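Visitor: Structure in structure tokens, see below.
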Amino acid sequence: MRLKPLIAAAITSASLLSLPAAADPGQVWLYNWSGYMDPDTLAGFQDATGTAVVLDTYGDADEAEARLLARGTGYDLAIVASETVGRLAEAGAIREFSLPDIPNAAALDTELMQILLASLPQAEGYALPYLWGTTGLAYDRAAVQERLPDAPLDSWALVFDPENASKLADCGISIVNSVEEVLAAALAYLGLDPQSQSEQDIEAAFGLLSAIAPYVRSFDSYQYDALMDGEVCLAIAWSTAGLAPKMENENSSYQYVIPREGSNLWADLFVVPSDAGDPESAHRLVNHVLQPSEMARATVFNNATNSLPAARQEIRDPGYAIPALTLPPEIREKLFVVKPRNGEEKRMLDRRWRLLQIGL
């Protein structure tokens, strides 16, 4: 999950006209997060196949889910957040992949897939991973330690302890606008099952979040710019944004950590809408992206964990061999996947999340 709105606007302006009434054999329509695929990857697909990619983008997982559930999108392929896939599959909004048409999928990281499917069995056959990441803490070490000399830098307590949050409010706290992921982190901090759907546990987690909400500057999916520009000193952030200052700006003052209590493992997944006009071209595009060279490009472009172990060997920059990206066993054992919720449960969480943001 990586959002760079200004870049995305330049890339996708042609796609904002109108969706096709019928499939065009010379085009495949892709729906994706803003700024989340290297344009050279799409250009390479056109060069290799003669099929142009028309790209439309979104900035919020709920927006993408709602559009796909509504049908009639005209999209042939979409990349969506893992927590939405169960609801999309159960609603019949996506169709199964034809895996024989995607031979490169055989090389996917099987361990990460097993972690995903253990919590999201609905994804089997209906989704293939593009990139992976975590939801953790990004912070400016100097700014935090100036205010909290004994700051718990490897713990969710850095933000979820109201005393800590109050002392960091002046330099800026941002929380990613993803209720399911933030709720899971709060549950983990409380020592509860991060996948719990118990009303009592959810009440406890929202109580914790309500206590720190007055100190939060923003609930924001577009954290990339705020972190790159040093506008906040602490963020609950997707790793793609949290790692950006260090990986792209070589700004050593910012650190990204996976808290010791555990963190969410997320995946952005390829899905084919049930009403796709050209699923064959969609399969060809997925197979193109799942080449080692293209997945290496995607890792560097997005600061994300690669879906192909073979592709990691093609990344020449040793800076991308850090644990936050390679997710070695000692990191993976601390990770969990957000448990899928049905539509009514998600609407309840959304309502409470919105009330929390406006102080009610």
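Visitor: Quick one: length gained pulling Glu90 to Met228 fully straight, 0.36 nm per residue minus the C-alpha distance? Spell out each step's value before the answer.
Guide: Values: separation 138, 0.36 × 138 = 49.68 nm, distance 3.84 nm.
In short, 45.8 nm is gained.
Visitor: Let me ask another. Set the Förster distance to 56 Å, then compute FRET efficiency between Glu163 and Asp275 from the Cβ-Cβ distance, nearest 0.05.
Guide: Working: r = 52 Å, r/R0 = 0.92.
Efficiency at R0 = 56 Å is approximately 0.60.
Visitor: How far apart, in nanometres, would the label points at Asp38 and Gln313 be if each is projected 7 angstrom from Cα along the Cα-to-Cβ direction?
Guide: Rounded to a tenth, the inter-label distance reads 1.9 nm.
Visitor: Could you sort 308-321, 111-124, 57-70 so that the peptide with the highest average Cβ count within 10 Å comes first and the rest follow in order? Let's see the in-between values first.
Guide: Numbers: 308-321: 14.6, 111-124: 16.4, 57-70: 18.1.
Ranked from most to least packed, the peptides come out as 57-70, 111-124, 308-321.
Visitor: While we're here: On a 0 to 90 degree scale, rounded to 10, what angle separates helix 61-70 from the longest Cα axis of the chain?
Guide: Once rounded, one gets 40 degrees.
Visitor: Need one word for region 244-360: rounded, prolate or oblate. Basis is the Cα gyration tensor (sqrt eigenvalues a ≥ b ≥ c); a/c below 1.5 gives rounded, then a/b vs b/c decides.
Guide: Working: a/c = 2.02, a/b = 1.12, b/c = 1.81.
Since a/c reaches 1.5 but b/c is at least a/b, the shape of region 244-360 is classed as oblate.
Visitor: Now for a different question. What does the helix-only formula give at 222 nm for the chain: each DSSP H stretch with n ≥ 4 adding -39500 (n - 2.57), the total divided by the residues, and the result rounded to the nearest 500 deg cm²/dmol? Mind showing how you got there, number by number?
Guide: Numbers: 19 runs with 155 residues, N = 360.
Roughly -11500 deg cm²/dmol at 222 nm, from the helical runs in the chain.
Visitor: Can I ask one more? How much of the accessible area of the chain, in percent, comes from carbon and sulfur atoms when a 1.4 Å probe is used?
Guide: Ligands and nucleic acids excluded, carbon and sulfur give 50 percent.
Visitor: Multiplying the sequence separation of Glu330 and Glu344 by 0.36 nm and subtracting their Cα-Cα distance, what value in nm do you get?
Guide: Working: separation 14, 0.36 × 14 = 5.04 nm, distance 3.57 nm.
Residue separation times 0.36 nm, minus the Cα-Cα distance, leaves 1.5 nm.
Visitor: Ignoring ligands, DNA and RNA, what accessible area per residue does the chain give at 1.4 Å, in Å²?
Guide: 39 Å²
Visitor: Which FRET efficiency, nearest 0.05, do Ala204 and Asn249 yield, Cβ-Cβ r, R0 51 Å? Spell out each step's value before the answer.
Guide: Details: r = 38 Å, r/R0 = 0.74.
Plugging the Cβ-Cβ distance into 1/(1 + (r/R0)^6) gives 0.85.
Visitor: Against the longest principal axis of the chain, how steep is helix 179-189, in degrees 0 to 90 to the nearest 10, with axes from Cα atoms?
Guide: That helix lies at roughly 40 degrees to the long axis.
Visitor: Still on this structure: Say each of Ile358 and Asp62 gets a label point 7 Å from the Cα, pointing the same way as Cα to Cβ; how far apart are those two points in nm?
Guide: 1.2 nm
Visitor: Rank by packing, highest mean first: peptides 100-108, 241-249, with packing defined as the count of other Cβ atoms within 10 Å averaged across residues.
Guide: On the way: 100-108: 15.0, 241-249: 22.2.
Those peptides, ordered most packed to least, come out 241-249, 100-108.
Visitor: Turning to a different aspect of this structure: For the residue pair Asp154 and Gln46, what label-to-label distance in nm results when each label sits 7 Å from Cα along the Cα-to-beta-carbon direction?
Guide: In this crude spin-label approximation the distance works out to 4.8 nm.
Visitor: Just want to confirm a number: the relative contact order over the chain, from Cα pairs under 8 angstrom separated by 6+ residues, in percent. Each step should come with its number before you reach the end.
Guide: On the way: 661 pairs, mean separation 94.0, N = 360.
Relative contact order comes out at 26 percent.
The values are calculated or read from the model by the stated rules, or taken from the named source; none is laboratory data. Everything numeric here is computed off the predicted structure, so don't read it as measured data. Backbone-built Cβ (ideal geometry, glycine too); neighbour counts: all protein chains shown. Heavy atoms of the whole protein, side chains included, go into the accessibility calculation; ligands, DNA and RNA do not. Shrake-Rupley method; radii C 1.70, N 1.55, O 1.52, S 1.80 Å.
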